[in-house]
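Worksheet for the structure shown next.
The values are calculated or read from the model by the stated rules, or taken from the named source; none is laboratory data. All values reported here derive from a predicted model rather than from experimental measurement. For neighbour counting, all protein chains shown are included, and Cβ atoms are generated from backbone atoms with ideal geometry for every residue, glycine included. Ligands, DNA and RNA are excluded from the accessible area calculation, which covers all protein heavy atoms including side chains. Shrake-Rupley method; radii C 1.70, N 1.55, O 1.52, S 1.80 Å.
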Amino acid sequence: MIKTPHYNFYGRGFKLRAAITVACQLAFVLFGYDQGVFSGIVGNPNFLDTFGHPSTGLEGIIVSIYNLGCFTGCIFAFLFCEKTGRRLAMWIAMVWIIVGAILQCTAFSVPHIMVARFITGIGTGIETSTVPMYQSELCEADKRGRLVSSEPLFVGVGIEIAYWFDYGMSFTSGSIAWRLPIACQMLFAFLVIGIVFGLPESPRYLYAHGRSEEALQILCDVYDGTPDTPKIAKENREVLEALKVEREHGEYRWSQLLKRDEVQTGRRVVLAYGMQFMNQMGGINLVVYYITSVLQLNVGLSRNLSLLLGGVINLMFFIGSLFPTFLLDRIGRRKPMMWGSFGLGLSMMLIAILLSFQSHGGKVAKTTSSASVAFFFTYMLIFGATANCIPWVYVPEILPLHVRAKGTAVGISSNWIWNFFVVMITPTIINNLQWKAYLIFMCLNFAFVPLVYFCYPETSNLTLEEIDLLFFEGKVVRRSRKIAKHGWDNEDGFGSFSRQGGGGSPSAGLGSGSLQNREKDSTAEKHENNIVSA
């Protein structure tokens, strides 16, 4: 464990919580900026001249090696960030990004730019493994889902900034047109470094390393209370109880990944991995990274118009992401993912159909190709509203306590390795397959609909302990749908837990003291009284 300097710039209560949220969301703006900045760069004439007009295959590797770096960053976070703590991990991530940005904007050869992007990716991998966890450990329980799901919204903000900056710089000549946009990511990194100096360490991390008094003081600062304040006393007690459970289970080993146990740990890790797989393999990074090239090569637009439309299309990503940021807990997880996958598949199908007329030539081909642009808008709007935010919320909540940290690393690694795969192959398939390339993503998106329906339980509005309870018996998906519709009854809830050998008091295992559970207890009691009176 490493102690880091802390200066309380923000006081207590709301101002401190706001500073924590701003730092986390700014880190995700940087994440989005890194993802979007290369879209307007790869077709820049000076960029192509500098790197010898790389083939489509080499172009895919230059762009996608960033994602391989992100995957490596997840591994580093898994191995070392429990020792460094959350704040130091965020600083380390920013340093990697700054070093990578300096190397990228001074590159003059393909190996140089590839190494530089890999280094930047390492920083982003550490950042994305740490920031959502830090945010969730330092916010109120009733705001946790909203705040964590807002972070992917700010990815859209970063993408938009990058696209419009690229568009503005496209009117300049020389290497500054692509070197300056790359260099400007350092501004966001320095801002995050500065803000984090005034933020506290995660109390969850401090409790785990025996610094309980310091952790309790941070809880008092964050919630602007005293150790006797009910909210603080409750969180203090629950964290200590959770740590006790963790230590009873012992450290989770990779050899146990697919081992069957009473809470179906292996199955839940696979569900987490699959959720991030769906996030990436629906074709989103074909649009985020290559929309400018797609509009030029497949649709036949000019570079200037492609850059302009690329920025507007990615604005749909941000607008769509507003929907789950405010309504995710109300609409659930399963239905948006199923309807979203269907909508994404339909959009890809219509893009393919319209682009297929291009080979015929003439006015009809030009008209249908231009019409396909509308479905890129539709695709990004649907993705932002569904598959963008939900996987980032679903992965940590589906995992049991004793595997949450390592299981989250598995889920996020899925995001980056499949991101790398899609970004690497996209230039080749859109050049060689043309409109047929979109049929690949159409089929994948349509396949995700039954996958979610049959395999993924509903977790909305359930405590983490109640999600554990879902997995004690079979037919998890069916039971989750029933509970989402009618609430818990005695057969599904406490009695089921006791029959399956749940240790200790069932009520304690179900998040005792929460208003939500007291309401569910009251509902179950009224249901039983109605049966008796009948």
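See the values below:
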{"read-out": "Meets criteria (under 21 Å from TYR290 (Cα atoms) and either assigned to a loop (DSSP other than H, G, I, E, B) or modelled with pLDDT under 85 (or both)) for PHE47", "value": "no"}
{"read-out": "Residue match in the range 381-388 (condition: within 19 Å of the chain's Cα centre (by Cα), of a type in the set (A, V, I, L, M, F, W, C) and not in a helix (DSSP H, G or I))", "value": "yes"}
{"read-out": "Residue match in the range 131-147 (condition: touching a residue at least 60 places away in the same chain (Cβ under 8 Å), open to solvent by 10 Å² or more (accessible area, probe 1.4 Å) and within 20 Å of ALA189 (Cα to Cα))", "value": "yes"}
{"read-out": "Selected residue [under 30 Å from VAL410 (Cα atoms), among the small types (Gly, Ala, Ser) and either part of a helix (DSSP H, G or I) or open to solvent by less than 60 Å² (accessible area, probe 1.4 Å) (or both)] from GLY40, GLY57", "value": "GLY57"}
{"read-out": "Considering residues of the range 179-211 that are outside the structural domain of LEU26 (by the TED database), part of a helix (DSSP H, G or I) and in contact with a Gly (Cβ under 9 Å, 6 or more places away or on another chain) only, the residue surrounded by the fewest Cβ atoms within 10 Å (Cβ to Cβ)", "value": "TYR205"}
{"read-out": "Qualifying residue in the range 214-223 (condition: out of contact with any Phe, Trp or Tyr (no Cβ under 7 Å at 6 or more places or on another chain), of a type outside the set (D, E, K, R), open to solvent by less than 40 Å² (accessible area, probe 1.4 Å) and outside any helix (DSSP H, G or I))", "value": "no"}
{"read-out": "Enumeration of residues in the range 174-202 that are farther than 19 Å from ILE102 by Cα and either under 23 Å from the mean Cα position of the chain (by Cα) or basic (Lys, Arg) (or both)", "value": "ILE195, VAL196, LEU199, GLU201, SER202"}
{"read-out": "Selected residue (only one of ALA101, ALA77, ALA89, ALA116 is open to solvent by less than 20 Å² (accessible area, probe 1.4 Å), in contact with a Cys (Cβ under 7 Å, 6 or more places away or on another chain) and assigned by the TED database to the domain that holds ILE195)", "value": "ALA89"}
{"read-out": "Options ILE417, ILE483: the member that is modelled with pLDDT of 85 or more and over 18 Å from LEU344 (Cβ atoms)", "value": "ILE417"}
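Yes/no matrix, rows are residues, columns are (1) small (Gly, Ala, Ser); (2) open to solvent by 50 Å² or more (accessible area, probe 1.4 Å); (3) not assigned by the TED database to the domain that holds HIS53:
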site: ALA409; (1), (2), (3): yes, no, yes
site: ASN415; (1), (2), (3): no, no, yes
site: MET424; (1), (2), (3): no, yes, yes
site: LEU439; (1), (2), (3): no, yes, yes
site: CYS443; (1), (2), (3): no, yes, yes
site: PHE448; (1), (2), (3): no, no, yes
site: ILE467; (1), (2), (3): no, no, yes
